Amino acid sequence: MNAAFPTPGADETQRLLSPEELEAALRDIGARRYHNLHPFHRLLHDGKLSKDQVRAWALNRYYYQAMIPVKDAALLARLPDAALRRVWRQRIVDHDGDHEGDGGIERWLKLAEGVGFARDYVLSTKGILSATRFSVDAYVHFVSERSLLEAIASSLTEMFSPTIISERVAGMLKNYDFITKETLAYFDKRLTQAPRDADFALDYVKRHATTPELQRAAMGALTFKCNVLWTQLDALYFAYVAPGMIPPDAWQPGEGLVQDAAPASAPGGVKLVAADVPRLPRGVRMRFDQARDKHVLLAPERTFDLDDNAVAVLQLVDGQRSVTQIAEQLAQTYAADARVIEADILVMLNDLAEKRVLER
Ligand SMILES: O=C(O)c1cc(C(=O)O)c2c(n1)C(=O)C(=O)c1cc(C(=O)O)[nH]c1-2
């Protein structure tokens, strides 16, 4: 933990920045590295994830929420004066609550229960990805071991969270029928707590980062923290979107849910991952409907209209190509990023699989 963390945008001349310049440099780090830019969050907000993928996000993020007060207690223990401790301890109260059933952790549990999880399963943290645990634990260690200035500066990602929270809540409510306002109640309080906390931390950093070295250390700490958040989404994307490689012991769709939670895929339906070779089941075929001037998918007693994207994908579904190979082919045809296409078509193919007009 002693190696200097790379500090981005370090001024060539290494001159002392004014407090306003320092703030601008910190905001610039967020503009380039905050997790609102991660493809997983874009898919989450745009309604492009399956219910199981949203579940994976809620489950893993619980560990972050649960460890935040542990991190803040570590920081609190290092604060030398009562006035600072009085302010910082509010963060612990916000997350732990004042009594049983109160506080942010409890509200996150409600969110996880809202998407179908059994409370005890979430509390056990059994199914979370190792990478989630590693990055969250790295944050706690960082705050315990680095200078107080770096510890406080690492919380400055909260300067950027109100924007992403508004975007997330609006997007999820609009795009997922299984998400309600009550499920997302966690975020209501964050909209006032985060700016209050960030204002205090920013003021502290601007007043205490009084040399070029200290200013670079503060920027390095914020960069580190952006990476803590980014890495968690990388791990979710890799395990549950593409290539869909869920590590041993991590949560598998279907596990840890309350008994009566509807399975995300139709009973007997498949969950396709990138390596799977999709095909149309017997009796299902794509046809061009002359009368309606569009392609449709014909299944026994059902017909599905297809948009141009679905047609382009289904033309390549031949029982030979894997999802990855289909994405690569489309990426060549449309000169686009194969990984982005792969994530998009996995969502689409799983939707068809849930309707039982696609199998692997
Ligand atoms: O929803 C989000 O995107 C988001 C981001 C962050 C953040 O930027 O660190 C926090 C939170 N939420 C949050 O809910 C929270 O309690 C929190 C505490 C902290 C921190 O570093 O002390 N960050 C965040």
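No value in this document is a laboratory result; all are computed from the given coordinates. In this text the structure is predicted, and so the values were computed from the model without any measurement. In this analysis, Cβ positions are derived from the backbone assuming ideal geometry, glycine residues included, and neighbour counts consider all displayed protein chains.
Structure notes:
- Mean separation of Cα contacts under 8 Å (6+ apart) over length of the chain, as relative contact order %: 21 percent
- Subtracting the Cα-Cα distance of Glu106 and Lys126 from their residue separation scaled by 0.36 nm leaves 5.4 nm.
- Projecting label points 7 angstrom from Cα along Cα→Cβ for Thr303 and Asp337 puts them 3.8 nm apart.
- With Rh defined as the Kirkwood radius, the inverse of the mean 1/r over Cα pairs, the Rg/Rh of the chain is 1.04.
- Here, P(r) means the percent of Cα pairs in each 10 Å bin from 0 to the largest distance; for the stretch 285-355 it is 19, 50, 27, 4.
- The phi torsions of the stretch 233-249, fed into the Karplus equation with coefficients 6.51, -1.76 and 1.60 and a -60° offset, translate into couplings of 6, 4, 5, 5, 4, 5, 7, 10, 10, 8, x, x, 9, 7, x, x, 6 Hz, rounded to whole numbers, with Gly and Pro shown as x.
- Taking amide H as placed 1.01 Å from N in the peptide plane, the amide H of Asp289 sits under 5 Å from that of Lys294, His295, Val296, each at least 5 places away or on another chain.
- Separation in nanometres of the label points that stand 7 Å from Cα toward Cβ, at Asp81 and Asp28: 3.2 nm
- Under Karplus coefficients 6.51, -1.76 and 1.60, residue-wise ³J(HN,Hα) of the stretch 165-175 in Hz, glycine/proline x: 5, 4, 4, 5, 4, 4, x, 5, 5, 6, 9
- Computed from backbone phi, the HN-Hα couplings of the stretch 28-37 come to 5, 4, x, 4, 9, 10, 5, 6, 5, 7 Hz, rounded to whole numbers (Karplus: 6.51 cos²θ - 1.76 cosθ + 1.60, θ = phi - 60°; Gly and Pro given as x).
- Relative contact order computed over the stretch 285-355 (Cα-Cα under 8 Å; 6+ residues apart), in percent: 17 percent
- Inter-part distance where the stretch 188-239 and the stretch 293-332 are each reduced to a Cα centre, Å: 43 Å
- The chain, helix-only ellipticity at 222 nm - DSSP H runs n ≥ 4, -39,500 (n - 2.57), divided by all residues, nearest 500: -18500 deg cm²/dmol
- Segment Thr163-Ser147, extension gain: residue separation times 0.36 nm, minus the distance between their alpha carbons: 2.9 nm
- A Förster radius of 35 Å, combined with the Cβ-Cβ distance separating Ala74 from Phe178, puts the computed FRET efficiency at roughly 0.45.
- Amide H within-cut-off set for Leu257, under 5 Å, with H built and near neighbours excluded: Ala118
- Taking the average, over residues, of other Cβ atoms within 10 Å as the packing measure, peptides 313-324, 217-228 rank 217-228, 313-324 from highest down.
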